Amino acid sequence: MIIHDKSVTSIEFSLCWQSSDILHTDCFFAEKVNFYRDIFPRRINDLLMGKSKGDTIEIPNIVKDIVSPYAQDSEFSIEQKQFDRLYSAPVQTEPRFGRFYPKGLLKAIPGIFQGNVEPFRCTGISDTTITVDFNHPLSPWNGNLTMDIKDVRRNSGILGGSCTDWMEMITQALGCRHDAGGFPQISSQMNPLVEPMKIMMQAFIKNLALLPILMIKPYQSSVIYMVKH
């Protein structure tokens, strides 16, 4: 059976990208991709059409096509009081230079609500202000996407239901594991990953049903997710 516009498929997505001297590979197993209602960029959708179980598609330099490009005006300053230190109460969260946090932690920002788990980065702190970077964490980098077709099956006949943007789904928290020029070295007291990523992953598991397994090797970082949809 081949993929067509009403197919249901299982696909393993692997996104390989490099930051500084570290090669990252993030793998996502999507058990139920419904081509009738789910969303892909046209380029990816066209490449998937006509493929069958066992086929593999590799797309180089894809990141710039699936995340928003870097924009200078997406980095701006806010008042200290707009950073909700009790977002994860009873634990108090403090702004730290270089860390990523969920956008829902910020207050009085147009278009941002408390349940928003998209990451932003703290890129500056003063006595009165905090500089935040709303650019997608992957926007400075590029990488390759591999799609392995694990199964193709007929739609059950139920065509309604929720709609998933799969490229948005698999890139939501990617890029948060890289260092950046000018940021301090990672230490147990100044880790730009652990606390904020724990908050975001808890939100993903609750709201998006992503089940993460994190594996870190020297000079290589890999994350595998199963997406229950």
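Could you run the Karplus curve 6.51 cos²θ - 1.76 cosθ + 1.60 with θ = phi - 60° over segment 70-76 and give me ³J(HN,Hα) per residue in whole Hz, x for Gly and Pro?
The phi angles translate into 4, 10, 4, 6, 7, 10, 8 Hz.
Step through the residues of segment 17-28 one at a time and calculate ³J(HN,Hα) from phi using the Karplus curve (6.51 cos²θ - 1.76 cosθ + 1.60, θ = phi - 60°), rounding each to whole Hz and writing x for Gly and Pro.
Listing the rounded values in order: 9, 10, 10, 6, 9, 10, 9, 10, 10, 10, 10, 10 Hz.
Could you tell me which of rounded, prolate or oblate describes segment 3-52, using a ≥ b ≥ c as the square roots of the eigenvalues of the alpha-carbon gyration tensor, with rounded for a/c under 1.5 and, failing that, prolate when a/b is larger than b/c and oblate otherwise?
Here segment 3-52 falls in the prolate category.
Under 5 Å between amide hydrogens, which residues at least 5 positions from residue 55 or on another chain qualify, with H placed 1.01 Å from N in the peptide plane?
Sorted by chain and number, the residues that satisfy this are 149.
Would you mind checking 32/81; 6/64; 64/150 for any pair whose Cα atoms are more than 31 angstrom apart?
Over 31 Å Cα-Cα: 32/81.
I need the calculated FRET efficiency for the pair residue 36 and residue 125, taking r as the beta carbon distance and R₀ as 41 Å, to the nearest 0.05.
Approximately 0.30, to the nearest 0.05.
Kindly identify segment 121-173 as rounded, prolate or oblate by the Cα gyration tensor criterion: order the square roots of the eigenvalues as a ≥ b ≥ c, call it rounded if a/c is under 1.5, otherwise compare a/b with b/c, prolate if a/b is larger, else oblate.
Note, shape of segment 121-173 comes out oblate.
Neighbouring Cβ atoms within 10 Å as the yardstick, rank 147, 167 fewest first.
Least crowded to most crowded, the residues run 167, 147.
With θ taken as phi - 60° and the coefficients 6.51, -1.76 and 1.60, list the Karplus ³J(HN,Hα) couplings across segment 77-93 in order, rounded to whole Hz; mark glycine and proline as x.
Calculated HN-Hα couplings, in order: 9, 10, 6, 3, 5, 7, 8, 7, 5, 9, 4, 10, 3, x, 6, 8, 9 Hz.
Computed on alpha carbon atoms, what radius of gyration and Dmax characterise segment 56-172, expressed in Å?
So, for segment 56-172, Rg and Dmax equal 18.4, 59 Å respectively.
Bear in mind these aren't lab numbers, they're just calculated from the coordinates by the rules spelled out. Being a predicted model, the structure only gives us computed values, none of them experimental. Virtual Cβ from ideal backbone geometry, glycine too; neighbours counted across all protein chains shown.
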